[in-house]
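The values are calculated or read from the model by the stated rules, or taken from the named source; none is laboratory data. These figures come from a predicted structure and were not determined experimentally. Methodologically, a virtual Cβ is constructed for each residue, glycine included, from the backbone with ideal geometry; neighbour enumeration extends over all protein chains shown. All accessible areas refer to the heavy atoms of the entire protein, side chains included, with ligands and DNA or RNA removed. Shrake-Rupley method; radii C 1.70, N 1.55, O 1.52, S 1.80 Å.
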Amino acid sequence: MKVLVIGGGAREHALCRSLSQDPAVTELHCAPGNAGIAQVATVHPVDQLDGAEVTALARRLAADLVVIGPEAPLVAGVAEPLRAASIPVFGPSAEAARLEGSKAFAKDVMAGAGVPTARSYVCTTAEEAAEALDAFGAPYVVKDDGLAAGKGVVVTSDRAAALAHAASCGQVVIEEYLDGPEVSLFAITDGTTVLPLVPAQDFKRALDGDEGPNTGGMGAYSPLPWAPEGLVEEVLRTVLQPTVDELRHRGTPFSGLLYAGLALTSRGTRVIEFNARFGDPETQVVLARLQTPLAGVLLAAAQGALAELEPLRWDEGAAVTVVIASEGYPAAPRTGDPIEGLAEAEADGSVHVLHAGTRADEDGRVLSAGGRVLSVTATGRDLAEARTRAYQGVGRITLKGAHHRTDIALKAARQ
């Protein structure tokens, strides 16, 4: 099988790493890729938002499967010309990807499917936003209706800050605050059958103790020793399957990766948000535990054949990933600095370093090229061992001004 992955972040590096280990994959390509991905796949320049350009590349490579990683190409409709060219593609259509591309659309789908979520208002004016904030009270939750690279949500007790965020976004969704721990649950679907993966938890805030500004994610771990028994089955029954069924009934079947961000509240499990693709950095730990070869699963989803698959196999141990971010991230990331110690970090076979924002210069040095630069991922018999190994890997890497959280999976590892 020849596989083409679209994207160039740590999520795509995780996908490429897993696909490169699949004996069924004879050729692996990625566009545009990054310095780390180039070590396991052939990289190609491409405008990942241009469906015609992506399709032309897939045809030139004679790709048997195209995997679209990021949300922006999905929302832009890159999957459609690929499907029109009869190229199997893992990723939803633009219409189905509105589940992530529009918070208001997602709320409408959840209402139609009877999926439990926070009460909310869609607001387009300052007056509407003020009324909604007062209706729910603090803490205030304000979400940009469109794509915002994981940073369009503000949760604050400062009413002025909430109003300011609403004003900066245009249309927003303002909703009640959901208490309780958060869980990320991915599911692979072909539009009918839904195959849930293992749960993970990520850390959105930039600083230890969940302080500082919101980010795209500073680390993650799996499994969740504190999660209630039967959680995956419950979410499949009450959230994932009803959502996939609702979209199919609307004539916009969802085929690809459905991501449910969940809050385990005092009143039961509630959906915080949906995404239409693998999450970053949760993908790094989920795929680190997956033992079933990945390519066949993604191809089955693309071809409507998930019901024919054997149950997925999982490592019984644990995985932890720690994000190394550049100086100034998330406000004003510094780029262009050399990164050293990558090989040393991976000297322990249980650690692998996934590149997010990197590039290689003309001398072959790896330089920082984004806010989130690396995801240092480790496996172990349990969370404590995986966590120790991940931080040992982090300690061997040097990048001027870089920062990372020191408390990823700390509480869970102590349970």
Unique match (being among the charged types (D, E, K, R), farther than 30 Å from Thr124 by Cα, open to solvent by 10 Å² or more (accessible area, probe 1.4 Å) and touching a Ser or Thr at 6+ places or on another chain (Cβ under 9 Å)) among Glu95, Glu53, Glu80: Glu80
Quick one: count up the residues across the range 23-47 that are among the aliphatic types (A, V, I, L, M), in a loop (DSSP other than H, G, I, E, B), more than 15 Å from Leu294 (Cα to Cα) and in contact (Cβ under 8 Å) with a residue 60 or more places away in the chain. 1
Can you tell me which residue in the range 87-142 is nearest to Cys169 (Cα to Cα), limited to those that are modelled with pLDDT of 95 or more and β-branched (Val, Ile, Thr)? Val109
Consider the range 266-311. How many of its residues are among the β-branched types (Val, Ile, Thr), open to solvent by 10 Å² or more (accessible area, probe 1.4 Å) and not in a loop (DSSP other than H, G, I, E, B)? 2
Give Thr283, Thr265, Thr321 a once-over and let me know the one that is in contact (Cβ under 8 Å) with a residue 24 or more places away in the chain and out of contact with any Phe, Trp or Tyr (no Cβ under 8 Å at 6 or more places or on another chain). Thr265
Mind listing whichever residues of the range 7-22 are crowded, with 18+ Cβ neighbours inside 10 Å and not in a helix (DSSP H, G or I)? Gly7, Gly8, Gly9, Asp22
Scan of the range 113-133 for residues that are over 25 Å from the mean Cα position of the chain (by Cα) and either of a type in the set (A, V, I, L, M) or farther than 20 Å from Asp179 by Cβ (or both), ordered by number: Cys123, Thr124, Thr125, Ala126, Glu127, Glu128, Ala129, Ala130, Glu131, Ala132, Leu133
Starting from the range 331-348, keep only residues that are under 20 Å from Thr215 (Cα atoms), then list their pairs with residues that are modelled with pLDDT under 95 and surrounded by 11 or more Cβ atoms within 10 Å (Cβ to Cβ) whose Cβ atoms are within a distance under 9 Å, requiring at least 6 positions of separation or different chains. Ala331/Pro213
Any idea which of (1) over 19 Å from the mean Cα position of the chain (by Cα); (2) within 25 Å of Arg277 (Cα to Cα); (3) in a strand (DSSP E or B) is the one Glu316 doesn't satisfy? (3)
Check off (1) in contact (Cβ under 8 Å) with a residue 24 or more places away in the chain; (2) of a type outside the set (Ser, Thr, Tyr); (3) buried (at least 18 other Cβ atoms within 10 Å of the Cβ) for Gly152 and give me the number that stays unchecked. (1)
Kindly provide the set of residues from the range 198-221 that are in contact (Cβ under 8 Å) with a residue 12 or more places away in the chain, on the phi < 0 side of the Ramachandran plot and part of a strand (DSSP E or B), ordered by number. Ala200, Gln201, Asp202, Arg205, Ala206, Leu207, Pro213, Asn214, Ala220, Tyr221
Residue tally, condition more than 21 Å from Ala14 (Cβ to Cβ) and among the small types (Gly, Ala, Ser), over the range 59-80: 3
From Leu195, Leu224, grab the single residue that is at pLDDT 95 or above, in contact with a strand residue (DSSP E or B) (Cβ under 7 Å, 6 or more places away or on another chain) and in a strand (DSSP E or B). Leu195
Considering only residues that are aromatic (Phe, Trp, Tyr) and more than 16 Å from the chain's Cα centre (by Cα), which ones fall in the range 248-277? Phe254
Could you list all residues from the range 198-249 that are farther than 26 Å from Ala111 by Cβ and open to solvent by less than 10 Å² (accessible area, probe 1.4 Å)? Ala200, Ala206, Thr215, Gly216, Gly217, Met218, Gly219, Ala220, Tyr221, Ser222
Please enumerate the residues belonging to the range 176-186 that are surrounded by fewer than 23 Cβ atoms within 10 Å (Cβ to Cβ) and assigned to a strand (DSSP E or B). Glu182
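From the list Asp47, Asp108, which residue is over 26 Å from His352 (Cβ atoms), of a type in the set (Asp, Glu) and within 21 Å of the chain's Cα centre (by Cα)?
Result: Asp47 is the single residue among Asp47, Asp108 that is over 26 Å from His352 (Cβ atoms), of a type in the set (Asp, Glu) and within 21 Å of the chain's Cα centre (by Cα).
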State which residue is least open to solvent (accessible area, probe 1.4 Å) when the search covers only the range 58-77 and only residues that are assigned to a helix (DSSP H, G or I) and not hydrophobic (A, V, I, L, M, F, W, C). Pro73
